[in-house]
Amino acid sequence: MISAERARSLHASTWRAESARQKIRRYFEALGLPGHAGSDEIYDRLEAKFGKELAEFEDAVSDREAGRERPDVYEIKNTSLEFSLLTGAAFRGLLHQAVMRWISEQQWSPLRVLDIRCDNGILTCFYALLWPNAQITGIDICSTGIDRARELATLLGLPNVRFE
């Protein structure tokens, strides 16, 4: 899943100097995700490796969209880091890439960043890589999302990020 070598390459100043699109592509590669968010490749991987979990997640999403309360949607989504990252890429990947691209194009050097509703930390960890001298905090009400975010930050070797 997450390549230690690729994760280390994201800490280099050369990564931060790359174009926004290149940064995002390399970040997704390091996470073991296909470069095209929302692609059939992601959904195919989900079905092949996580068929039961995917069906349960889709049922929970459908119930919520139909107005039936399903507070466990994010608990289901965050059962494992790989499932969480793949479902995020399949269902919100285009949004994540748009945010990453916009943030990367700004000339900011923040000291602190607060990511509210950080879920599995995919954006929060991106910010921590982008601004290694800043203290990055992600918060979420879903405890399994926070667990996955902490797992991701550990795998990426990020000392400047914490999750609450």
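Applying the criterion of being of a type outside the set (A, V, I, L, M, F, W, C) and open to solvent by less than 50 Å² (accessible area, probe 1.4 Å) to the residues of the range 86-98, the residue that is nearest to VAL161 (Cα to Cα) is HIS96.
Close contacts from the range 59-72, counting a first residue that is within 16 Å of CYS142 (Cα to Cα) and a second that is open to solvent by 60 Å² or more (accessible area, probe 1.4 Å) and not in a loop (DSSP other than H, G, I, E, B), with Cβ to Cβ under 7 Å and a gap of 6+ residues or different chains, come to ARG70/ARG64.
Just so you know, in the range 61-85 the residues that are of a type in the set (A, V, I, L, M) and closer than 20 Å to CYS118 by Cα include one that is most open to solvent (accessible area, probe 1.4 Å), and it is VAL61.
Any chance the range 99-115 includes a residue that's among the polar types (S, T, N, Q), crowded, with 23+ Cβ neighbours inside 10 Å and closer than 27 Å to GLU41 by Cβ? No: zero hits. Residues that are among the hydroxyl-bearing types (Ser, Thr, Tyr) number at least 1 in the following strands (runs of 3 or more DSSP E) confined to the range 53-164: 135-139. Whenever a residue of the range 115-131 is without any contact (Cβ under 8 Å) to a residue 12 or more places away in the chain, it has no partner that is open to solvent by 20 Å² or more (accessible area, probe 1.4 Å) and of a type in the set (Gly, Ala, Ser) lying with C-beta atoms less than 6 angstrom away and at least six residues away or across chains.
Filtered by the rule that a residue be open to solvent by 50 Å² or more (accessible area, probe 1.4 Å), in a loop (DSSP other than H, G, I, E, B) and under 18 Å from LEU94 (Cα atoms), the range 4-52 gives SER19, HIS36. If you filter the range 145-162 down to residues that are touching a residue at least 40 places away in the same chain (Cβ under 8 Å) and touching a Ser or Thr at 6+ places or on another chain (Cβ under 7 Å), you find that the one that is surrounded by the most Cβ atoms within 10 Å (Cβ to Cβ) is ARG148. As a summary of the residue check, GLY121 satisfies the conditions (1) within 23 Å of SER19 (Cα to Cα); (2) surrounded by fewer than 19 Cβ atoms within 10 Å (Cβ to Cβ); (3) at pLDDT 95 or above except for the one numbered (2).
The values are calculated or read from the model by the stated rules, or taken from the named source; none is laboratory data. All values reported here derive from a predicted model rather than from experimental measurement. Heads up, the Cβs are rebuilt from the backbone with ideal geometry, glycines too, and the neighbour counts pull from every protein chain shown. When the accessible area is computed, the model is the full protein with side chains, heavy atoms only, and any ligands, DNA or RNA have been set aside. Shrake-Rupley method; radii C 1.70, N 1.55, O 1.52, S 1.80 Å.
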